[in-house]
1. Consider a paramagnetic label point 7 Å from the Cα of Thr198 along Cα→Cβ; state which residues of the range 66-105 have an amide N under 18 Å from it.
2. For the range 148-290, calculate the relative contact order in percent as a whole number, restricting contacts to Cα pairs under 8 Å that are 6 or more residues apart.
3. Which lysines, on any chain, are close to Lys169 with Cα under 21 Å apart, when same-chain ones fewer than 8 places away are left out?
4. Across the range 122-136, in residue order, what do the Karplus-derived ³J(HN,Hα) couplings come to in whole Hz, using 6.51 cos²θ - 1.76 cosθ + 1.60 with θ = phi - 60° and x for Gly and Pro?
5. Specify which residue in the list Gly39, Val69, Thr51 is farthest towards the positive end of the charge dipole of the range 37-159, using unit charges on the beta carbon of Lys, Arg (+1) and Asp, Glu (-1), about the Cα centre.
6. Report, in whole Å, the centroid distance computed from the Cα atoms of the range 82-126 and the range 177-205.
7. Once you charge only the Cβ atoms, +1 for Lys and Arg and -1 for Asp and Glu, what is the size of the charge dipole of the range 187-321 about its Cα centre, to the nearest 20 debye?
8. So what is the calculated 222 nm ellipticity per residue for the chain, using -39500 (n - 2.57) for each DSSP H run with n of 4 or more, over all residues, to the nearest 500 deg cm²/dmol?
Amino acid sequence: MMTTRIIGTGSALPANIVTNDDLAKIMDTSDEWISSRTGIRERHLADDSETAAVLAAEAGRKAMENAGVSAEEIQMVLVATSSAENYFPSVGCQVHKMLGLHQAAAMDLSAACSGFLFVLNTAHAYIKSGLYERILVIGVDTLSRTIDWTDRSTCVLFGDGAGACVVQKDEEGIIGMSQHSDGSQSGVLTSFAPTQKTPLSEAMPGSPLYMEGQAVFKFAVKTVPDCISRLLEKEEMTADQVKYFVLHQANSRIIQSVAKRLKVSADKFPMNLDRCGNTSAASIPLLLDEMNRSGKLEKGDVLMLSGFGAGLTWGATLLRW
Ligand code: UT7
């Protein structure tokens with residue numbers, strides 16, 4: 001049966017690295033607090049030239065090189081982001097221009113930190129339907145531009161970056177997927193864009209990222225293992241068959257708790273959040289690219305990708321490498 005396979009990966013990180021000690025110089029925090037509560041030690045922060053589109057295009061270009069496919073062979077570009085600098089054109093259309101993807105349709109999708117899983121699953125649906133055979137999927141976020149830098153409980157968590165995969169029709173690849181949303185919990189993680197004055201309403205200044213950290217933590221440690229277990233059950237597979245659980249990189253304590261609930265060794269949960277922080281939609285493909293390029297992945301390995309984020313949204317993708 002035909003499915004969707006990841007045939008190449010790429011990523012891009014801003015040049016500037018900001019350590020926990022650097023943050024402690026500008027706010028009341030410490031490396032001890034941040035690293036013990038989250039596992040994060042440093043993050044990359046974008047400068048003015050490193051827009052979401054610039055990072056997305058670099059990650060996309062590297063994924064295409066890694067896959068050995070040319071611009072003409074890409075039929076669609078799907079970008080997950082919730083921090084694009086402009087409402088339109090989409091980041092997808094900017095990447096389309098930067099990489100010369102003349103044959104591709106392009107669009108963005110917003111599902112916050114679950115965004116990459118949602119674009120990967122959407123690409124899979126397009127491929128399964130027979131509409132497209134080869135798609136570039138990208139997760140990118142520059143949340144540093146949407147953060148309240150006076151709120152020490154959120155601003156220390158996030159980093160900027162982009163990760164990308166080329167996916168194509170194949171006999172092996174995605175085994176199963178699931179994706180979910182619960183809008184009733186939308187208030188625990190929000191960010192509002194500014195608006196202009198209209199004849200009927202006043203201009204709104206917008207508001208930066210707001211998060212009820214403990215509510216999100218409790219949600220994640222229950223929902224992620226449930227989602228993974230259900231997907232394994234549905235596909236009649238067990239956790240033992242999974243080589244790596246590639247989880248959204250928000251907090252090492254969340255990842256360790258998920259491992260414990262699934263009764264799986266924490267060694268099967270690779271992490272890069274110590275160096276990248278929480279890069280939102282970029283976190284899973286960034287980690288996947290790191291694993292791919294360091295030779296950790298062998299053809300046939302079973303991977304479980306899973307993430308959660310604002311919306312609230314969550315999901316998982318079970319695949320054979
Ligand atoms: O992709 C998005 C998903 N988001 C998440 O995954 C976030 C999930 N939540 C978390 O990771 C954790 O809730 C946090 C890391 C955000 C916070 O950890 P916590 O253990 O829940 O800490 P807390 O919010 O209960 O704060 C504990 C204390 C407070 O002081 P008091 O009231 O006990 O005196 C905070 O004011 O830590 C203080 N605090 C800080 N201290 C030093 C909060 N932020 C900081 C900070 N540095 N950066």
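1. 87-88
2. 32 percent
3. Lys62, Lys128, Lys299
4. Residue by residue, the range 122-136 yields 5, 4, 4, 5, 4, 5, 4, 6, x, 6, 9, 10, 9, 10, 9 Hz.
5. Comparing the listed Cα positions along the dipole, Gly39 ranks first.
6. 20 Å
7. Computed about the Cα centre, the dipole is about 180 debye.
8. -10000 deg cm²/dmol
A short reminder: the numbers here are calculations on the coordinates, not readings from a lab. Here the structure is a predicted model, which means the values were calculated and not measured. In this analysis, Cβ positions are derived from the backbone assuming ideal geometry, glycine residues included, and neighbour counts consider all displayed protein chains.
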